[in-house]
Amino acid sequence: MITPFHIIAATPIKLIFPKQFSLLWFSIVNILIDIEVVYYFLTTGYPSHKFFHSVLGVSIIGFSCFVISILLKQKKLPSFLGCIIGAYSHHAIDYFWYDWSTHGIY
């Protein structure tokens with residue numbers, strides 16, 4: 001599933017918890033995860049979901065973005081929730097969206 005659908009899935013969270021959830025960091029995490037798909041599409045012609053769509057891959061991106069948000073002096077709780085929910089919801093949505101017998105999942 002492409003990134004805009006992942007981001008649309010977060011709007012109810014933002015509406016319910018406007019001050020406790022960062023849609024900005026949620027979006028950044030999802031875009032960074034899907035850069036892998038763009039890379040494989042441009043280099044192989046097939047939009048593969050590989051390492052950065054695995055649990056380890058989304059964890060690396062999510063926690064790295066959280067560290068960057070702290071360095072940029074963002075509010076910790078909203079940034080943390082945006083990064084972590086963004087990372088793991090991306091993995092969960094893609095898990096149910098794709099046929100992993102042909103794509104593989106980690």
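Just one of the listed residues (K76, K50) is over 13 Å from the mean Cα position of the chain (by Cα) and under 22 Å from F21 (Cα atoms), namely K76.
Taking region 35-73, which residues are within 17 Å of I85 (Cα to Cα) and touching a residue at least 40 places away in the same chain (Cβ under 8 Å)? If the condition is that a residue be within 17 Å of I85 (Cα to Cα) and touching a residue at least 40 places away in the same chain (Cβ under 8 Å), then H53, S54, V55, L56, G57, C65, F66, S69 are the ones that fit. Y95 satisfies every condition listed in (1) within 19 Å of L23 (Cα to Cα); (2) at pLDDT below 95 except (1).
The residue that is modelled with the highest pLDDT, among those in region 1-27 that are surrounded by fewer than 19 Cβ atoms within 10 Å (Cβ to Cβ) and small (G, A, S), is S27. Within region 28-59, the only residue that satisfies the criterion of being surrounded by 12 or more Cβ atoms within 10 Å (Cβ to Cβ), over 17 Å from A92 (Cβ atoms) and among the polar types (S, T, N, Q) is S48.
The values are calculated or read from the model by the stated rules, or taken from the named source; none is laboratory data. The structure presented is a predicted model; accordingly, all values stated were derived computationally and were not measured. Cβ atoms come from the backbone with ideal geometry, glycine included; neighbour counts cover every protein chain shown.
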